[in-house]
Amino acid sequence: DGGITQSPKYLFRKEGQNVTLSCEQNLNHDAMYWYRQDPGQGLRLIYYSQIVNDFQKGDIAEGYSVSREKKESFPLTVTSAQKNPTAFYLCATRGTYGYTFGSGTRLTVV
Amino acid sequence: QKEVEQDPGPLSVPEGAIVSLNCTYSNSAFQYFMWYRQYSRKGPELLMYTYSSGNKEDGRFTAQVDKSSKYISLFIRDSQPSDSATYLCAMREIISNFGNEKLTFGTGTRLTIIP
């Protein structure tokens with residue numbers, strides 16, 4: 001099956017900890033994106049990568065970091081500098097016919 | 001002012017009704033317009049994708065774009081309980097000559113179809 005796999009589905013983080021969210025795709029798409037979704041705010045762009053070894057900040061990059069060492073993988077690290085990390089995180093790829101989203105990771109700070 | 005404004009609802013209608021969902025935008029650089037459907041705790045899935053002003057129909061769904069007014073709509077005919085979801089408008093912008101682009105989303109409208 002072609003698609004995007006995000007893991008874990010649910011993640012709990014203690015304050016002050018860094019956590020890494022996984023996003024893996026087998027669609028052979030070059031461009032990958034991370035969005036954050038909060039109630040009443042829609043999806044907001046955190047980081048995006050058009051190609052391996054290159055990535056750009058989105059609209060709300062503060063407190064997050066990414067890497068793109070392989071075409072298939074675009075992990076997102078939520079650092080302790082992110083003051084309000086509790087949210088639903090969505091990874092997406094862009095292909096010829098548009099964007100495909102993963103099923104998301106729900107991160108909760110405890 | 002947000003670049004994309006969408007009425008958050010929630011919106012409840014009886015089964016079989018026609019549903020109208022709307023977004024306005026302010027950025028003239030937006031070139032492509034999309035509607036996504038998102039079920040609870042899932043990722044969004046693409047419903048409709050349009051470029052030019054006018055109407056595009058796909059089954060029970062019609063997407064309408066008015067670039068002069070910076071206004072897009074999604075109409076759902078003969079609504080079904082399975083249409084109950086959050087609907088997000090999204091606008092695509094090319095941001096460089098190297099193919100960089102991004103989507104800007106509306107806040108989403110939660111729709112419930114009552115049997």
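The values are calculated or read from the model by the stated rules, or taken from the named source; none is laboratory data. This one's a predicted model, so the numbers in the text were calculated from it and none came from an experiment. So basically every Cβ, Gly included, is an ideal-geometry build from the backbone, and we count neighbours across all protein chains shown. Accessible surface areas use protein heavy atoms only, side chains included; no ligands, DNA or RNA. Shrake-Rupley method; radii C 1.70, N 1.55, O 1.52, S 1.80 Å.
Would a scan of segment B:43-63 turn up a residue that is aromatic (F, W, Y) and over 29 Å from A:Y48 (Cα atoms)? There is at least one residue in segment B:43-63 that is aromatic (F, W, Y) and over 29 Å from A:Y48 (Cα atoms). Looking across segment B:28-60, the residues that are within 13 Å of another protein chain (Cβ to nearest Cβ) and within 16 Å of B:I72 (Cα to Cα) come down to B:Y32, B:F33, B:M34, B:W35, B:Y36, B:R37, B:L46, B:L47, B:M48, B:Y49, B:T50, B:Y51. Within segment A:78-94, track down each residue that is hydroxyl-bearing (S, T, Y) and open to solvent by less than 10 Å² (accessible area, probe 1.4 Å). Once the filter is applied, which keeps residues that are hydroxyl-bearing (S, T, Y) and open to solvent by less than 10 Å² (accessible area, probe 1.4 Å), segment A:78-94 yields A:Y89, A:T93. The test for being within 12 Å of chain B (Cβ to nearest Cβ), in a strand (DSSP E or B) and either open to solvent by 60 Å² or more (accessible area, probe 1.4 Å) or in contact with a helix residue (DSSP H, G or I) (Cβ under 9 Å, 6 or more places away or on another chain) (or both) holds for A:Q56.
Of the strands (runs of 3 or more DSSP E) lying entirely inside segment B:16-108, those containing at least 3 residues that are in contact with a Leu (Cβ under 7 Å, 6 or more places away or on another chain) span B:30-38, B:85-94. Hey, among the residues in segment B:82-115 that are closer than 14 Å to B:S12 by Cα and either open to solvent by 50 Å² or more (accessible area, probe 1.4 Å) or out of contact with any strand residue (DSSP E or B) (no Cβ under 8 Å at 6 or more places or on another chain) (or both), which one's nearest to the other protein chains (Cβ to nearest Cβ)? Selected residue: B:R110.
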